[in-house]
């Protein structure tokens, strides 16, 4: 049975992008390394972050751990990890700011 893609959270006004997800990391890695190597790099990063691919979609904290693992590597993998960490932090900040205030 094929897994159905998880619903992505709504876009935050002013952000213009959907919530960051592991698919974004895979896409960035694929653009640099090709599909096979990208899948291997992401699987290794997930494992190093204490995650299993079967548990996707991952919450922001888990994605931040994966980004940190990637950012500790060399070359373009480091850039991808840092870039994703920045995007995730930006998304979380804007999500907090757009949340209604609780009296």
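Values quoted throughout were computed directly from the atomic coordinates according to the rules given, and no laboratory measurement underlies them. Predicted model, so just to flag it, every value in this text is computed and none were measured. Note that each Cβ is placed from the backbone with ideal geometry, even for glycine, and that neighbours are counted across all protein chains shown.
Within the range 54-80, the set of residues being touching a helix residue (DSSP H, G or I) at 6+ places or on another chain (Cβ under 6 Å) and free of Cβ contacts under 8 Å to residues at least 24 places away in the same chain comprises 71, 78.
Just for the range 42-96: of the residues that are outside any helix (DSSP H, G or I) and surrounded by fewer than 14 Cβ atoms within 10 Å (Cβ to Cβ), which one is farthest from the chain's Cα centre (by Cα)? Per the criteria, the residue is 74. Annotation: of all residues in the range 22-41 being crowded, with 19+ Cβ neighbours inside 10 Å and within 11 Å of the chain's Cα centre (by Cα), the one that is nearest to residue 95 (Cα to Cα) is 22.
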